[in-house]
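The values are calculated or read from the model by the stated rules, or taken from the named source; none is laboratory data. Source: prediction; values computed, not measured. Quick reminder, even Gly has a Cβ in these numbers, built from the backbone with ideal geometry, and neighbours come from all protein chains shown. These area figures cover heavy atoms from the full protein model, side chains too; ligands, DNA and RNA do not enter into them. Shrake-Rupley method; radii C 1.70, N 1.55, O 1.52, S 1.80 Å.
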Amino acid sequence: MAGDSDFSEYVAARWPGLVRSAVLLGCAHAEAEDLVQTALERCLLKWGKVQAAEDRDAYVHRVLINTFISARRRRWTGEKPAAVIPDRAGPDQTASVDDTDAMMRALDRLSSDQRAAVVLRYYAHLSEQQIASILGVAAGTVKSRLSRAVKALAQDPDLAELRGTQ
């Protein structure tokens with residue numbers, strides 16, 4: 001029972017960040033929630049192992065990345081039907097949508113290894129050592145991937161428009 005409450009507390013505290021990590025990996029919001037739920041189900045089954053891990057967040061992010069990669073291998077990502085099409089009147093959020101679209105297109109141009117490293121470092125705020133552990137590579141490889149990714153993002157034409165430079 002104590003493990004159940006510990007798991008529930010962990011999920012309550014980490015859910016928004018895990019969902020956002022999944023979105024930044026390339027999932028739509030609803031797909032990200034499903035992905036996180038699947039990853040957390042896997043963690044619940046092995047919660048004792050997760051609790052014993054040196055770094056729970058790194059362990060759970062590793063499960064999330066593996067679940068994401070596994071889902072992309074077998075899932076068709078074409079058109080997705082929606083039961084209800086939202087029709088909201090309100091302030092114009094075109095600029096925000098455009099900025100998000102530009103960032104997502106820039107992230108899409110990165111390799112999956114670079115994208116995972118960027119999401120884990122700059123969104124999940126994990127250390128290079130934690131990322132190395134999650135991805136199963138050396139810390140130097142993480143540094144190299146991050147360096148190349150940041151350089152690619154700095155030269156990305158869509159992000160140049162956001163910065164107001166060409």
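Considering only residues of the stretch 60-72 that are out of contact with any Cys (no Cβ under 6 Å at 6 or more places or on another chain) and over 16 Å from TYR123 (Cα atoms), which is surrounded by the most Cβ atoms within 10 Å (Cβ to Cβ)?
Among them, the one singled out is PHE68.
Looking at GLN51, GLN37, GLN93 in this structure, which one is out of contact with any Cys (no Cβ under 8 Å at 6 or more places or on another chain) and modelled with pLDDT of 95 or more?
On inspection, the qualifying residue turns out to be GLN37.
Quickly run through the stretch 1-16 and pick out the residues that are of a type outside the set (A, V, I, L, M), within 17 Å of the chain's Cα centre (by Cα) and surrounded by 15 or more Cβ atoms within 10 Å (Cβ to Cβ). Talk me through it step by step, then tell me what you get.
So the first thing to find is which residues in the stretch 1-16 are of a type outside the set (A, V, I, L, M), and the list is 3-10, 14-16.
This time we only want the ones that are within 17 Å of the chain's Cα centre (by Cα), so: 14-16.
Listed by number, the list holds a single entry, ARG14.
Just one of the numbered conditions (1) within 28 Å of ASP156 (Cβ to Cβ); (2) of a type in the set (D, E, K, R); (3) open to solvent by 40 Å² or more (accessible area, probe 1.4 Å); (4) modelled with pLDDT of 90 or more is not true of ARG75; which one?
It is condition (4) that ARG75 fails.
Which of the residues spanning the stretch 103-126 are closer than 14 Å to ALA154 by Cβ and in contact (Cβ under 8 Å) with a residue 24 or more places away in the chain?
Applying the first criterion (closer than 14 Å to ALA154 by Cβ) to the stretch 103-126 yields 103, 106-107, 109-110, 114, 118, 122.
Of everything in the stretch 103-126, those that are closer than 14 Å to ALA154 by Cβ and in contact (Cβ under 8 Å) with a residue 24 or more places away in the chain turn out to be MET103, ALA106, LEU107, ARG109, LEU110, GLN114, VAL118.
Considering every residue within the stretch 132-139, establish whether at least one is surrounded by 14 or more Cβ atoms within 10 Å (Cβ to Cβ), within 17 Å of ASN66 (Cβ to Cβ) and free of Cβ contacts under 8 Å to residues at least 60 places away in the same chain. So that I can check it myself, show each step before the final result.
Pass one, the stretch 132-139, residues surrounded by 14 or more Cβ atoms within 10 Å (Cβ to Cβ): 132-135, 137, 139.
Right, trim to within 17 Å of ASN66 (Cβ to Cβ) and you get 132-135, 137.
Now restrict to residues that are free of Cβ contacts under 8 Å to residues at least 60 places away in the same chain: 132, 137.
Within the stretch 132-139 (the criterion being surrounded by 14 or more Cβ atoms within 10 Å (Cβ to Cβ), within 17 Å of ASN66 (Cβ to Cβ) and free of Cβ contacts under 8 Å to residues at least 60 places away in the same chain), the answer is yes, since at least one residue qualifies.
Condition first: open to solvent by 20 Å² or more (accessible area, probe 1.4 Å) and under 14 Å from the mean Cα position of the chain (by Cα). Now tell me which residues in the stretch 39-58 satisfy that. Lay out the reasoning, then the answer.
Going through the stretch 39-58, the residues open to solvent by 20 Å² or more (accessible area, probe 1.4 Å) turn out to be 41-42, 44-46, 48-49, 51-57.
The one that is open to solvent by 20 Å² or more (accessible area, probe 1.4 Å) and under 14 Å from the mean Cα position of the chain (by Cα): ASP57.
Go through (1) under 17 Å from ALA22 (Cβ atoms); (2) part of a loop (DSSP other than H, G, I, E, B) one by one and return the number of the condition VAL137 breaks.
(1)
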